[in-house]
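> Can you read through this structure? Questions will come right after.
The values are calculated or read from the model by the stated rules, or taken from the named source; none is laboratory data. Nothing here was measured: the structure is a model prediction, and the numbers come from that model. Methodologically, a virtual Cβ is constructed for each residue, glycine included, from the backbone with ideal geometry; neighbour enumeration extends over all protein chains shown.
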Amino acid sequence: MLQFGGFSFAVLLFTVTAATVERVQHDYYKYHPMEEISTWMTQMAKDHPDLVTIVDYGRTYEKRTIKLLKIGLNTEAKKKAVWVECGIHAREWISPAFCQYFVKQILQTYKTDAKMEKMVRNMDFYVTPVLNVDGYVYTWNDSTTRLWRKNRTPGPSSGCYGTDLNRNFDSNWGTVGVSFDCKKEIYCGTHVMSELETQAVTYFVGTRKDDFLCFLTIHSFSQMILLPFGHPNYTASNYNELMKVGLGAAEAIWKVHGQNYTVGTSPDVLYPFSGSSQDWAHMQGIHFSYTFELRDKGTFGFQLPEDQIQPACEEAYSGALHIITYAHDQTFSGAVVTAAATLWTLLLAAGVTLM
Ligand SMILES: [Zn+2]
């Protein structure tokens, strides 16, 4: 009897422990394989059904689903949107880690932070933790594949794999900073938008392009905030404003852990290249389009140690938030006044006497 009681107690303990283990917080300061990121996405949607939905918006060559988390409050009003895209380059592991942190921060703050609450009311955040799913999975295979950059589509000649997705978009495709040799890391594909991942983003964002205020694509490394265009012959119509907001973001980053980020177009501060998602987004009329190159400046490069995930995400979040807040305020600062004016007009039209 005693033994039985002891056994029950043990079972009960185990159940409680198992339940606790099930609910143990996702560790945002470790790198996670794709399976764990998928599980985390499911959990986010389950935990916040009023705010988070999973959207499947594409399929890779190796038949994996490309997914994003849509975060926003359901309102009657027409909403604007923000795009945050991580993991376009497989080996840049800090990028998916950032997207997970970014989601966590929004979900943690919107209930207590009036500004964030307003933003999730006015805008939907579309966050893709890993765009290049096949490539990311490949980097987790073993140490020999850890530094893979491209996707995993077989190339036109035997023995070569992968296209650089950030050279494959319809933005001066194939003109500068690319290779047509499929063995190279910056191979731009057989033709513009040849890749399923590129097509998925182009279709999803392209069909809603008027809604998007902001397009942020997250990479590593070198600590930079890049703005359009990657092609040296073109200048963004809002270059001055992009620089101003970018410098503001760099300052916000610096305030967190004292890290310096360089701001400018890629030809000015890094190297010229064509076919990037950032340039494509700007060409669609999404005015606040930026590429973040996260930590570090080359000491560890793509293999940023896990103990730097937290500071790297904290500072980058602050920079991203600066840009998103600016874009939001530009669109919504007069919203209350406009709504009041509309109501006034409606009441007058209905012949209501106001006293
Ligand atoms: Zn990259």
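> If Ser237 satisfies every condition in (1) more than 16 Å from the ligand (Cβ to nearest atom); (2) within 22 Å of the chain's Cα centre (by Cα) but one, which is the exception?
Unmet condition: (2).
> Out of (1) away from the ligand (no atom under 16 Å from the Cβ); (2) more than 25 Å from Gly319 (Cβ to Cβ); (3) in contact with a Lys or Arg (Cβ under 6 Å, 6 or more places away or on another chain), the odd one out for Tyr57 is which?
Failed condition: (3).
> Of everything in region 270-315, what is aromatic (Phe, Trp, Tyr) and either out of contact with any strand residue (DSSP E or B) (no Cβ under 8 Å at 6 or more places or on another chain) or assigned to a helix (DSSP H, G or I) (or both)? Give them in sequence order.
Hits for region 270-315 are Tyr271, Phe273, Trp280, Phe300.
> If only one of Leu147, Leu131 is touching a Phe, Trp or Tyr at 6+ places or on another chain (Cβ under 7 Å), within 16 Å of the ligand (Cβ to nearest atom) and over 17 Å from Ser274 (Cα atoms), which one is it?
Leu147
> A further question on this structure: Return yes when Gly155 is modelled with pLDDT under 95 and either within 16 Å of the ligand (Cβ to nearest atom) or in contact with a Phe, Trp or Tyr (Cβ under 7 Å, 6 or more places away or on another chain) (or both) and no when it is not.
yes
> Identify, from the list Thr207, Thr217, Thr235, the residue that is of a type in the set (S, T, N, Q) and touching a helix residue (DSSP H, G or I) at 6+ places or on another chain (Cβ under 7 Å).
After ruling out the rest, the residue left standing is Thr217.
> Does region 162-171 include one or more residues that are more than 16 Å from the ligand (Cβ to nearest atom), loosely packed, with under 14 Cβ neighbours inside 10 Å and touching a residue at least 24 places away in the same chain (Cβ under 8 Å)?
No, the conditions are met nowhere in region 162-171.
> Just for region 62-103: of the residues that are touching a helix residue (DSSP H, G or I) at 6+ places or on another chain (Cβ under 7 Å) and of a type in the set (Ser, Thr, Tyr), which one is nearest to the ligand (Cβ to nearest atom)?
Step by step, filter region 62-103, then rank; the result is Tyr101.
> For region 59-82, which positions are over 14 Å from the mean Cα position of the chain (by Cα) and surrounded by 21 or more Cβ atoms within 10 Å (Cβ to Cβ)?
Residues satisfying the conditions are Thr60, Gly72.
> Now a separate question. Do we have any residue at all in region 172-190 that's farther than 24 Å from Val263 by Cβ, without any contact (Cβ under 8 Å) to a residue 60 or more places away in the chain and in contact with a His (Cβ under 9 Å, 6 or more places away or on another chain)?
There is no residue in region 172-190 that is farther than 24 Å from Val263 by Cβ, without any contact (Cβ under 8 Å) to a residue 60 or more places away in the chain and in contact with a His (Cβ under 9 Å, 6 or more places away or on another chain).
> Could you grab me the full set of residues in region 191-229 that are in contact with a Leu (Cβ under 9 Å, 6 or more places away or on another chain), of a type outside the set (Val, Ile, Thr) and either part of a strand (DSSP E or B) or within 20 Å of Gln259 (Cβ to Cβ) (or both)?
His219, Ser220, Phe221, Ser222, Gln223, Met224, Leu226, Leu227, listed by residue number.
> Across region 172-190, which residue is surrounded by the fewest Cβ atoms within 10 Å (Cβ to Cβ) among those that are of a type in the set (Gly, Ala, Ser) and assigned to a loop (DSSP other than H, G, I, E, B)?
Gly174
This table checks each residue for (1) of a type outside the set (Ser, Thr, Tyr); (2) free of Cβ contacts under 8 Å to residues at least 60 places away in the same chain.
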residue: Thr207; (1), (2): no, yes
residue: Leu227; (1), (2): yes, no
residue: Tyr239; (1), (2): no, yes
residue: Ala249; (1), (2): yes, no
residue: Ile253; (1), (2): yes, no
residue: Gly258; (1), (2): yes, yes
residue: Ser277; (1), (2): no, no
residue: Phe288; (1), (2): yes, no
residue: Arg295; (1), (2): yes, no
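> Any idea which residue in region 267-301 is nearest to Thr331 (Cα to Cα), counting only those that are surrounded by fewer than 19 Cβ atoms within 10 Å (Cβ to Cβ) and among the hydrophobic types (A, V, I, L, M, F, W, C)?
This residue is Met283.
> Pairs needed: first member in region 113-138, in contact (Cβ under 8 Å) with a residue 40 or more places away in the chain; second member anywhere, part of a helix (DSSP H, G or I) and among the hydroxyl-bearing types (Ser, Thr, Tyr); C-beta distance under 6 Å; at least 6 residues apart or different chains.
Val130/Tyr136
> What about Tyr261, is it surrounded by fewer than 17 Cβ atoms within 10 Å (Cβ to Cβ) and within 16 Å of the ligand (Cβ to nearest atom)?
No.
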